[in-house]
Each structure stands twice: as structure tokens, then as C-alpha cells.
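The values are calculated or read from the model by the stated rules, or taken from the named source; none is laboratory data. No experiment lies behind these values; they were computed from the predicted model shown. For neighbour counting, all protein chains shown are included, and Cβ atoms are generated from backbone atoms with ideal geometry for every residue, glycine included. These area figures cover heavy atoms from the full protein model, side chains too; ligands, DNA and RNA do not enter into them. Shrake-Rupley method; radii C 1.70, N 1.55, O 1.52, S 1.80 Å.
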Amino acid sequence: MFKIKRLYLFVLQTFLPLFVMTFFICLFIVLMQFLWRYIDDLVGKGLDVTVIAELFFYAALTMVPLALPLAILLASLMAFGNLGEHLELTAMKSAGVSLIKVMSPLIIFLSFVSVGAFFFQNDVLPKAQVKMWSLLFSMRQKSPELDIPEGAFYDQIEGYNLYVKQKNRETGMLYHMMIYDVSNGYGYANIIVSDSGKLSMTTDKKHLVLQLYSGESFEDLKDNSTASGRRNTGMLYRRESFKTKEILIPFDATFNRMGDETMSNQYIGKNFTELSHTIDSLTVRTDSIGDVLADKLLDEPVCGVPQRKITYKKDQRISTPVPPVALARAIDVDSIINSMSVNDKRNVVELAKNKAERLKQEMQFKGYALEDNLATMRRHEIELQKKFTLSFACLIFFFIGAPLGAIIRKGGLGVPIVISVFLFIVYYIIDNTGYKLARDGHWVVWEGIWLSSEVLLPLGIFFTYKAVNDSAVFNRDAYVNFFKRITGQQQVRHIQMKDIVMDDVVQPVAAAKLEQLKEDCKNFLSRYEKQQNYLAYWTKGYDTATLKQLSKELEETVEYLSNSTKILVVNKLMDYPILRSLLTYNPVGNRKVGLAVACLLPIGLIGYLIGVMHQKNLKRDIKLIVKVSDELLAIIRE
């Protein structure tokens, strides 16, 4: 019991430092992604360092759901890769400790992490997102810090375009200035040309003071009525020369922080309870809007005949169906239409078309409110589901990373980083695809949000199963042989000369085994000399029990003769084919079921053609066994 506790402590000591390190590395990487995404909103605003640090702190909190699963994947890959690379995992398994038992302390630890991730998503993340987005929107609205370039127009002052040919950075003097004042509109621009000038700001940082020296201003004036009441159609402008001129320009350079109330009412600022309450309210609202639109459509008359009768009782609207009117005789509508002139027919069609289009447009306009409510409800449902997906993703990535690290047995930062980045990119693409499908209403919300978990969960189960059973996952030959068995391709036999032979080959025994193998192969071929017809293939097929016995006999013969000291015998054994037990040799095994399948055309015909091809290859392999057995008999009897 003491050894098991020490083992758990050792596994935790191996994993936890890697987990903390990879978490902060991943958090830093995603934080840099955030910085590059919103750098245009931060640079050149003259923001205080504490404000930027506060924004980065809240941004780091909002990036935890993105960094945590990647950190768990990378840390588990590195931890179990190191254990496998240093043969510590092999020592644990040889001592009778299974991989699941080795993983058990981390499973418990990450279960607590997953529970904590849920409470983080529910309690901490909404507040952090509200603070972050409030700060970011406040920074976007702040005016940029003045930095007028040389030889280019500067348009960051609202209503003004400034051109400065040269400036003195030490004294702040601007030379050869051209100013376009378009604050009253481009049709009445005021152009100012100045030899020099200086730009400063008032103490309250609400206005800019532009002190100009030695220049002229040109201003377009509005048309004025003459004294006689007639309009002056000429273009009027005013020209002014000055030695000193001072212009006061409104420019708010202060940082005005936006309140948190606006963002708190959005879906990003709500916890589980608030989201559920909002979803229920939106559901009731959308249902009521839908009922109103449905009643409106039902109340519309058909061909001018009312379908419902509307009455009011104590300010309550009551809609009752109008009973159908019995006609003495049927009305022939076609004869009425045909009796009309061409213009009357056109007018009737145009009237009906216009009425239908008007009703359609009216319903579409009223349906916009319904679409907005549905979109808002989907946003809240997405945020609600994401409270749980992070916790589940943490467990899934652990059950992918830990078994995969035990399989590849490579620690460090090389192979684990490559695999982690690849798997996380796949996860990110699938997760974003599902999110957009759910957001746009193409899928049900829970299907889109849980899509990435549904895709990666079987991968985690597969890797865990393979690692626990020490199965070959990245063995190329195993997959090649598997597909060869499916497609019926011939597999190559590999036999090496043994350095030490415990049981030497006895010539009479070897000859007897080869003769018996030949005889059994010939008997099988004699049973199936001709190609099976369509009905026989589906109702009988080949005798798979005999095939399995023949394959077993072949392998026993090869195993016995592989102990031979003659290199010619060992080399010739590699000419033996490998007899496979394919489903196409006897696909059904039941006569009645075979008859039913044979009736399924063209599926039955396609299966028959594939099966006949595989049977042909099988007979070719059995003939090759007879040929190789004769050659081996000749070598042995020399």
C-alpha cells in the first residue's frame, strides 16, 4: 500500500511541474494572439501602463478556456513520453501496475480541475469578460495621441486634415503647414496656409490650440441674397492674410472608461442561472411573436372571403372561424376569367400578385423581431453549453495525451509539441465550425457546441484502449497488412535464418509434412475446380473451416522448416503465400439469408464480382503452395 502511494506521488511530481509550465506558456501564446488582434486599438492612444496591464490581466482570464485544454494535452504527452522514454513506464508495467492505475492519480486531479473549470466559467469568466470588453471599447473610443508626420496628411483630428512639410522635434515647431478645415462640410472647406505654427493642448485636454504664424486663409461662403431679393449665383469666398492666428479645435484626449452595466446585460456577462432565466424569457417571447404572426396569417381573407370573425369582449380579442357558405351551384372560376378581356385578366393577376407580395413583405418585416430574438437566444444557449464543454475537453485531452505519450515514448519539447499543436488545430477548427453552425441556426445549439467533443472522444477511447493493451498504433506494417487483408492483396512472408536452432529439422518428418500439405491443397482445389455461379456463391461459398485448417497446417509446416540449417530451405519458405480468412470467401453462411442477399441487385452482383476475384486469388495461392512444397521436397531430398 505504501509503494502505491509513493507511485502516485511520483506520477504527480512528474506531471504537475510540466502542467504549470505548459499552462503559462500556452496562456502567453494565446495572449500574444489577442495582442496582435487588437494592437491597432491600443497603439498611439497614450494609454497609461496600469490601464493596459489591467486589460491584459482580464484578457488572460478570458483566454484560460483556450489555454487549459492545450496545456493538459501537452503536459500529459510530455509526462508519459518521459516515463516511456526512460523505461520507467515499462518498469511499472513489469511490476504488475497497469497504465490505468498509473493514470489514476492524474484522473482524480484533473477531475477536480474540470470541476474548477466549470465554476471558473460560471463565476469568474463572465466578470472578466465584462471588464475586458468594457476596457477595450473605452480604448477604441479614445482619441489617438497626436503624432503629426512629416510630408503626409494627418486626418486623426476630426474635421481637419493637416499637412506639415517639416517639424522641429525639440521645439515642437511645425513648418510650411497646410490645413483643411472641413468641420462644416466638404462643400464649405476652409483652407489655411501658414509659414509655421505650433500645436498644444489645453490643461483640461478637451481642446487643441493651433498657433499659426505668417499665412493666409481661404474660406468658401454660402450664397447670400442681394438687397433686391435676387440670388447671387456667383461663388463667394473670403481671403484673409495674418501674421498671427490662433485656432481652437475640439479634441477630447482624456480616457473615459465605459461602465460595466452595458456588458453585464450581454450574454458574455451572465452565469448559469442568469443565462437559463434569459433563455426562458426569450422562449416565451418568441413563442408569443410566432403566435401573433400565425394569427395574422390566419385572419387574412382568402380570395376576399374572411376566414375568421374577430370580436372583442372586455378588451379581449376573440377570433372564431367563419362557417363555410353553402352555394346553390358551383362557380366556374375559369369561365369567369376567360370571359374577361386581356387587360382585365392582366389587372386581376397584377392585383393578386401585389397583394401577395405586400403580405409577404409585411410578414418578413414583422419576422425580423422574431429572428433577432432567436439569434439572441442562440447566443445565450451557446454560452450556457460552453460552461460544460471546457470541463469535458480537459478530460478528453488528458485521455488523448497520456496514452499517446505512453505509445510514442518520446519526452521533451520536440515530438509532443508537434502532436499537441496538430491535435489542437484539429480541435480548434472543429470547435469553430460547430460554433458557427450553431450561431447561425443551421444546427441545434448543443450539437454544434459539442461537435468537437463528439469527434475527439472516440479518439481518446481508441488511444487509451491501445495503450492499455500495448497495441501497435503507429506500426506501418500492421496497417498495410490490414488493408491488404480487406482488399485481398497477397502479403509477403518474412523469415530470417536462426542463429541458434534448438530442434533441428528431421528429413522424413519434414517430407511427410510437405506431402500432407500438398495432398490437402489438392483436395481443396479438386472440390472447387470450377468458378461458383451467382446463386452458389451466396448460398454456399467456400468451406471456411477447411481453409482455416489448411492455413494452420501451412503455418505449422513453415514454423517447423524454419529451424533448418540450410539457407536454401529458409529462403524458399518465404515463397509460401499467407492464407487469409476473408469474409468474401463465404459472406453469409446461411442459405436463406444468402438467397435474400442474392435478390438485392445490384448490390448482390457487386459483392459476387468482388468475391469471385478473391476466390480466384485464393486458388492461385493454394496452387503456389503445392508448387513451393514440391521445390522444398527436392531441396530436402538432395
When region 194-210 is examined, which residues are found to be closer than 18 Å to residue 180 by Cβ and not small (Gly, Ala, Ser)?
195, 199, 208, 210
Which condition number does residue 342 fail, the rest of (1) farther than 25 Å from residue 129 by Cβ; (2) surrounded by 11 or more Cβ atoms within 10 Å (Cβ to Cβ) being met?
(2)
Among the residues of region 578-626, count how many are assigned to a helix (DSSP H, G or I), under 29 Å from residue 516 (Cβ atoms), without any contact (Cβ under 8 Å) to a residue 60 or more places away in the chain and aliphatic (A, V, I, L, M).
2
Quick one: is residue 50 open to solvent by less than 40 Å² (accessible area, probe 1.4 Å), at pLDDT 85 or above and among the hydroxyl-bearing types (Ser, Thr, Tyr)?
no
Expected output for region 556-568 (first residue closer than 12 Å to residue 496 by Cα, partner loosely packed, with under 13 Cβ neighbours inside 10 Å and at pLDDT below 85, Cβ below 6 Å, 6+ apart or cross-chain) is 563/501; 563/503
Odd one out for residue 556, checked against (1) surrounded by fewer than 16 Cβ atoms within 10 Å (Cβ to Cβ); (2) part of a loop (DSSP other than H, G, I, E, B); (3) under 52 Å from the mean Cα position of the chain (by Cα)
(2)
Criterion (open to solvent by 70 Å² or more (accessible area, probe 1.4 Å) and within 49 Å of the chain's Cα centre (by Cα)) met by exactly one of 530, 548, 566
548
Can you work out which of the residues in region 18-47 that are among the charged types (D, E, K, R) and open to solvent by less than 50 Å² (accessible area, probe 1.4 Å) is farthest from residue 77 (Cα to Cα)?
45
Checking the condition open to solvent by less than 10 Å² (accessible area, probe 1.4 Å), part of a helix (DSSP H, G or I) and over 30 Å from residue 415 (Cα atoms), which residue from 103, 139 passes?
139
In region 502-525, which residue that is in a loop (DSSP other than H, G, I, E, B) and not charged (D, E, K, R) is nearest to residue 558 (Cα to Cα)?
505
